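Note sheet for the following structure.
The values are calculated or read from the model by the stated rules, or taken from the named source; none is laboratory data. Just so we're clear, the structure is a prediction, and the values are computed from it rather than from any experiment. Glycine also receives a Cβ, built like all others from the backbone with ideal geometry; neighbour counts cover every protein chain displayed. Just so you know, the surface numbers come from the protein's heavy atoms only, side chains and all, with ligands and any DNA or RNA stripped out. Shrake-Rupley method; radii C 1.70, N 1.55, O 1.52, S 1.80 Å.
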Amino acid sequence: MRTQVTGGRPLRGFLAAAASTVLALTCTPAVAATRSGDAAIPYGHAAIPYGHAAARAGAVRPGDGAARAEKDPLGFGPVRIAPRPGDARLGDARLGGLPLGALPLGGLPLGGSRLAERGPERAAEGARRRAAGSHRVVRLAPGVLLGRIGGGSPPAADVYTVVLHFDGRGRLFGREDAADHLVGQLARHGVPAIREDVVVPRLRPGGPRRVLGQTVRVGRFAGRAEAGREAARLERLRWIDEDGTPRGGFPVSVVETSTLGRWTPGPWRVRYLRVDPRHAVVRTTSGRTLADAETVREMAPMATAAINGGFFRIGTDTPGDPAGVYVQEGRLLSETRDGSDPALVITGGRARVTDLTTRQRVSAGRAWRAITGVNRANDGDDLILFTPEYGARLPRVDGVEAELAEDGTVLSVRERESGSAPGDPPERGSVLQGTGRAAAWLRAHAQLGRRLRVSTLIIDQRTGRAIRPDYATAGNVAILRRGEVRISPRDLGRKGTFTQIVRRHPRTLAGVDARGNLLLAAVDGRSPRWSAGMTLPEAARLMRGLGAREAINLDGGGSTTLTARGEIVNRPAAPAGGRPVSDAVTVN
């Protein structure tokens, strides 16, 4: 059977309440009154409906006869207390002209892929999904709201499947002729295969859908164990690859079908923060040292709330090394990658989402040399600047290290060999580590007692101006621009397009609404009975539904972790309370 996945259908306005959630994010005294229980359960004490951003009226509680208006402690106008999820519907209430009676409370109609296979099972699953939504908000502190959204329901079947690899690196999609070959090889053993087009959904209004390749999978299983037994059977079958080479077993993986971008009835679980910068302080933190990774809870045990931040380099000697721009307390601690990074930027307490480019150089009189990296491994012919925040022994290199005082005075110059002991990190100033031609430049210009000047320039590409952010952390792609879903596959590459745009994963998202409020969201995933995760287009619609005008995708997957008052409030996909990460965004 061949099924064509054509990507995400529009989210029907993401409950049509997409335009309404700013009101839902405002809190009420009823919420604040539950603070005595917040420590035990830091969310979910009072249900607040999706509302319209411009609305000043609210939902009707069934049986009240009239809505109870309560004053919004953040000054955004009155908010009406909604029924709890068990009440399911909001009657005939209207917010800003939006007829909420026709909408499920907090449901997440994210399933949108148009499949050739349609039937009563899907219709029944959709009905269950629409009845399962909930949306609750609690105030953690003045200006800081924590929301919990749940919607959808687990699929009755086809939860797990066995996907064949197209190469030795675990790639789950490939060319049509390669898919034909795999299907034929499976048929030799009497194994029926499901071949599906991998279609990239529209990434901007009016944009095209395009076929990225095809997947080949076997079976539809309700449990992982059953799928695992089928995978083990396939791994014992001999087959011949496209080059005519006999192989000892099919390379396969057991995956949740929802992660392949196919339509799914859910479920979804989202935790989010809405932060008013007038009443809260937002920072980035890298924990004790930049070189070492720590969990979000370890980095910010006393924070009102915290969420994991940017991407980092896994599998290196410095697991905490950010893979993109990172600024902490006004100091650039990691440079942009590939020219520019979409980033969450905090300047003077104000949050923005923009694109940053960093440039650094060291000058000795009229001679200068570009600094190619900050606090990272030296890739050869590099000039790397290490700061005290690095906090670990320097990487072993064949080159030169020049230690600088805080004013740039050269304190020492050392020749280094890769087999020698690593250098010590700077305690107060910095260390310049050069290899190749960069090492030759240091030998020529870094004399003892000479003052070198390190210059740093951070450019906001959307304005073309140099800025001095207090804090910044990088995402890998912008997902919302001026309130519209706009995602560029060029930022991700072919493999990244499949992994990030087509497949569903846990997501960490950052955005800013029209009022300047910061929105931070954690989407659980990789758990088909708890939460399916989201594709990037779905994540963009979620952020738009929360009121964001600009938004980026931060590090997700096993890194996605949200804490409130030191406790984890989502379900990280990584075991033991979340993966150690490079940095976190904290709210106090």
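Would you pick out the residues in the stretch 464-490 that are in a loop (DSSP other than H, G, I, E, B) and in contact (Cβ under 8 Å) with a residue 60 or more places away in the chain? Of everything in the stretch 464-490, those that are in a loop (DSSP other than H, G, I, E, B) and in contact (Cβ under 8 Å) with a residue 60 or more places away in the chain turn out to be 468, 469, 470, 475, 476, 482, 483, 486, 487, 488. Kindly indicate the residue of the stretch 174-207 that is within 28 Å of the chain's Cα centre (by Cα) and modelled with pLDDT of 90 or more and also surrounded by the fewest Cβ atoms within 10 Å (Cβ to Cβ) among those meeting that condition. Checked the stretch 174-207; the qualifying residue surrounded by the fewest Cβ atoms within 10 Å (Cβ to Cβ) is 197.
From the list 272, 326, the one residue that fits, being at pLDDT 90 or above, aromatic (Phe, Trp, Tyr), surrounded by 24 or more Cβ atoms within 10 Å (Cβ to Cβ) and in the same structural domain as residue 528 (by the TED database), is 272. For the stretch 158-173, the set of residues classified as in a strand (DSSP E or B) and open to solvent by 10 Å² or more (accessible area, probe 1.4 Å) consists of 160 only. Residues in the stretch 241-251 include none that are under 22 Å from residue 187 (Cβ atoms), touching a helix residue (DSSP H, G or I) at 6+ places or on another chain (Cβ under 8 Å), assigned to a strand (DSSP E or B) and of a type in the set (Phe, Trp, Tyr). Taking the condition of being assigned to a strand (DSSP E or B), β-branched (Val, Ile, Thr) and buried (at least 22 other Cβ atoms within 10 Å of the Cβ), how many residues in the stretch 281-311 meet it? Final tally of qualifying residues: 3.
Listed by first and then second residue, the pairs linking a residue in the stretch 573-588 that is in contact (Cβ under 8 Å) with a residue 12 or more places away in the chain to a residue that is among the basic types (Lys, Arg) and in a loop (DSSP other than H, G, I, E, B), with Cβ atoms under 6 Å apart and 6 or more places separating them unless they lie on different chains, are 573/526. Of the residues making up the stretch 442-451, one or more are part of a strand (DSSP E or B) and surrounded by 13 or more Cβ atoms within 10 Å (Cβ to Cβ). In summary, residue 273 fulfils each of the numbered conditions (1) without any contact (Cβ under 8 Å) to a residue 12 or more places away in the chain; (2) out of contact with any Asp or Glu (no Cβ under 9 Å at 6 or more places or on another chain) with the single exception of condition (1).
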